[in-house]
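Written below as structure tokens is the structure these notes are about.
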Amino acid sequence: MRTFPLTLAAALAATLLLTACNDSENAADDGKNADRPGDAACVLADLGVEVGAGAAPAAGDTGNVTVTLTNRGARCTLDGFPAVALAADDRTASVTAEQPAAAEPLTLVKGATTSFTITYVRGEADSARSLAVRKATFALPGATSTTHELAWSYGEVALKGEGGEPDASVSGFESAAG
């Protein structure tokens, strides 16, 4: 009968020892990630991209296209606004940052998500005051040489003012609630 309590005690000790080892491994992994420079710019190759839209139903209505990014790589930082361009068959136009928004640096650890939103006013079909957008592209701050292309199926975008700039803006990066 004595061997049973000793065997049970030995099994319990082994379980605690293995748990401690696993916690140490996790702490070491966390330590490795903490030692990586947090100021390294995020790159598109390390991010998953998902798009969701609340399309504007008619001319004059406002629509939103939300782009969600998930970090699949090492810890990185987004510092600035995404660079967004809308492309029609014969013209490409840049989208301005939301005013008076200020971009705050955002550090993403592996698995973290963030999003930004393109807000636009829908234009009239076949109008000289609209841009017949076919695609949108975006680049990350600090890594503008690589872009990601999005098919645009949300209607034409209204143009504003004499310069004929798109009636659209892009938000800064927002951290996901966790």
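The values are calculated or read from the model by the stated rules, or taken from the named source; none is laboratory data. Small disclaimer: the values here were computed from a predicted structure and weren't measured. FYI the Cβ positions are ideal-geometry reconstructions off the backbone, even for glycines, and counts take in every protein chain you see. The protein model used for the area step is the full one, side chains on, heavy atoms only, and it has no ligands, DNA or RNA in it. Shrake-Rupley method; radii C 1.70, N 1.55, O 1.52, S 1.80 Å.
Inclusion of A93 among residues that are out of contact with any helix residue (DSSP H, G or I) (no Cβ under 9 Å at 6 or more places or on another chain), at pLDDT 95 or above and surrounded by 15 or more Cβ atoms within 10 Å (Cβ to Cβ) is warranted.
On inspection, T107 fails the criterion of being part of a strand (DSSP E or B) and touching a helix residue (DSSP H, G or I) at 6+ places or on another chain (Cβ under 9 Å).
A Cβ distance below 9 Å, combined with a sequence gap of six or more or placement on separate chains, defines the contacts here; from region 48-69, residues that are farther than 22 Å from K110 by Cα reach residues that are open to solvent by 60 Å² or more (accessible area, probe 1.4 Å) and not in a strand (DSSP E or B) in the pairs A53/S153; A55/S153; A59/E124; A59/A125; G60/E124; G63/P57.
Checking each residue in region 40-78 for being in a helix (DSSP H, G or I) and touching a Gly at 6+ places or on another chain (Cβ under 7 Å) picks out only D46. Taking (1) open to solvent by less than 60 Å² (accessible area, probe 1.4 Å); (2) touching a residue at least 40 places away in the same chain (Cβ under 8 Å); (3) closer than 19 Å to N64 by Cα in turn, A112 satisfies each apart from (3).
What number of residues within region 144-162 are assigned to a loop (DSSP other than H, G, I, E, B), open to solvent by 30 Å² or more (accessible area, probe 1.4 Å) and either in contact (Cβ under 8 Å) with a residue 12 or more places away in the chain or among the polar types (S, T, N, Q) (or both)?
Number satisfying all stated conditions: 3.
The residues of region 92-133 that are closer than 19 Å to K160 by Cα and aliphatic (A, V, I, L, M), listed by number, are A93, V95, A97, I118, V121, A125, A128, L131, A132, V133.
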